[in-house]
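The values are calculated or read from the model by the stated rules, or taken from the named source; none is laboratory data. Note that this is a predicted model, so its numbers are computed, not measured. Glycine also receives a Cβ, built like all others from the backbone with ideal geometry; neighbour counts cover every protein chain displayed. All accessible areas refer to the heavy atoms of the entire protein, side chains included, with ligands and DNA or RNA removed. Shrake-Rupley method; radii C 1.70, N 1.55, O 1.52, S 1.80 Å.
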Amino acid sequence: MPRLCKPAVSAPEYTITMEETLQFAEEVHAGKPQLPLALRLIRNTGVLKRHIVQPIEKTLGHPGLTERNRIYEAESKKMCPPVIEEALANAEVTARDVDAIIYVSCTGFLMPSLTAWLINKMGFRFDTRQIPIAQLGCAAGGAAVNRAHDFCAAHPGSNVLIVACELCSLCYQPTADDIGSLLSDGLFGDAVAAAVVRGTGGVGIELERNASYLIPDTEEWISYSVRDTGFHFLLDRRVPGTMEPLAPVLRELAKDHSWDAGKLDFYIIHAGGPRILDDLAKFLEVDRGVFRHSWSTLTEYGNIASAVVFEAARRLFEEETLASGATGMIAGFGPGITAEMALGTWGADGTGTPG
């Protein structure tokens, strides 16, 4: 079966702490009646530090959509190659061994996709399949893993490279002062991640089953309003409560695989915010500590959108010694409201189920 190998993750050099975020919010939005609530919500995120692609002075300005997208293109082309090289090395494959590239991002727009540039610049074969995913937001990390699994199942022995490039700070809107915007200004961070799903061999999470689920009539709860000034992130106050209807879906997925979702060995969960993680622990009836890799990602990087599941997975690879056959779950949540879910077991060369 296909295996998700150890991801590589990189964040920009500039950082902003929670204390700095609160200070800037008080200065920029002074006197706004919603500010006290927003400050309290930002404190409750537990995000102690985030990385951003520009110094905070530039981030707080708005040079226009054209300039922001230019920065997105320049930074993605600078940051992605070294992360990809590390991910290929982790999987013990070369660029020539890759049969498809899945590129996920919701924070900038390029056409052709960055996949074309990567193929031309990094030695991938010219018959490499290109699969860009642009509109699944934070769920795109889980979706990329699932589409890589599907591709390997359809084309046995293939290898798929996943690249997630999220420069959330380029979506900051200085004049947006609703609660959702102010909260997101203190929650989201920038990062690039990459990982290889190998069709055969390797060490990592052997992907066994995947599924998607859309909560009916929630498509307006997380969205972009596309305006002359770019992407305006819209976040409904009901979003943190979505784990109550999604937990049974995760339980059913595991049950269909003869597993108990509350008794797995590892969990790689999208760190959308503290209530997401707390509620999912509650409704799956697990200790919140089983999501420790997601909690650490949230604390040290903030919500890095589609890259979260790869940073949490990287921590799993580095911080634990898992026995062959250990069972686990990957789950990403995002606009729709969409859940992208996968089940897998820990495997290494010579172990697991043949593909």
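What does the accessible area per residue of the chain come to in Å², with a 1.4 Å probe and no ligands, DNA or RNA counted? Spell out each step's value before the answer.
Values: 14670 Å² over 355 residues.
Accessible area per residue, the chain: 41 Å².
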By the scheme Lys and Arg +1, Asp and Glu -1, what is the net charge of all other residues having a beta-carbon under 15 Å from that of ASP127? +1
Which residue fluctuates the most in the chain, going by a Gaussian network model with Cα springs under 10 Å, if the choices are GLU27, GLU219, GLU86? GLU27
Heavy atoms of the protein only, probe of 1.4 Å, neighbouring chains included. What is the accessible area of PHE333 in Å², nearest 10? 20 Å²
Given axes a ≥ b ≥ c from the Cα gyration tensor, I'd like to know whether segment 199-355 is rounded (a/c under 1.5), prolate (a/b larger than b/c) or oblate. prolate
Using the alpha-carbon atoms, what tilt in degrees (0 to 90, nearest 10) does helix 292-301 show relative to the longest principal axis of the chain? 40 degrees
Pairs of Lys in the chain closer than 30 Å at Cα, counting only those 8 or more apart or on different chains: 21
Principal axis box of the chain, alpha-carbon based, largest edge first, Å: 63, 48, 36
Cα centroid of segment 266-335 to Cα centroid of segment 124-201, whole Å: 16 Å
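When the solvent-accessible surface of protein heavy atoms is calculated with a 1.4 angstrom probe, in what order do ASP260, ASP99 fall, highest first?
Values: ASP260 65, ASP99 35 Å².
In descending accessible area the options line up as ASP260, ASP99.
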Heavy-atom accessible area with a 1.4 angstrom probe orders ILE71, ILE131, most exposed first, as ILE131, ILE71
Give me the three principal axis extents of segment 56-125 from the C-alpha atoms, as integers in angstrom, largest value leading. 42, 24, 18
Shape verdict for segment 37-157, please, from the Cα gyration tensor: rounded (a/c under 1.5), prolate (a/b greater than b/c) or oblate. prolate
Projected label distance in nm at ARG40 and ASP260, using a 7 Å step from Cα toward the beta-carbon: 3.9 nm
Neighbours of LEU277 by Cβ distance under 11 Å: Lys/Arg at +1, Asp/Glu at -1, summed charge +2
Per-bin percent of Cα-Cα distances, segment 182-287 [10 Å]: 10, 34, 34, 18, 3, 0
Semi-axis lengths, Å, segment 1-54, gyration tensor of Cα atoms, sqrt of 5 times eigenvalues: 33, 15, 8
Cα axis of helix 243-256 to longest principal axis of the chain: angle in degrees, 0 to 90, nearest 10? 0 degrees
For helix 65-91, report the angle its Cα long axis makes with the longest principal axis of the Cα atoms of the chain; keep it between 0 and 90° and round to the nearest 10°. 30 degrees
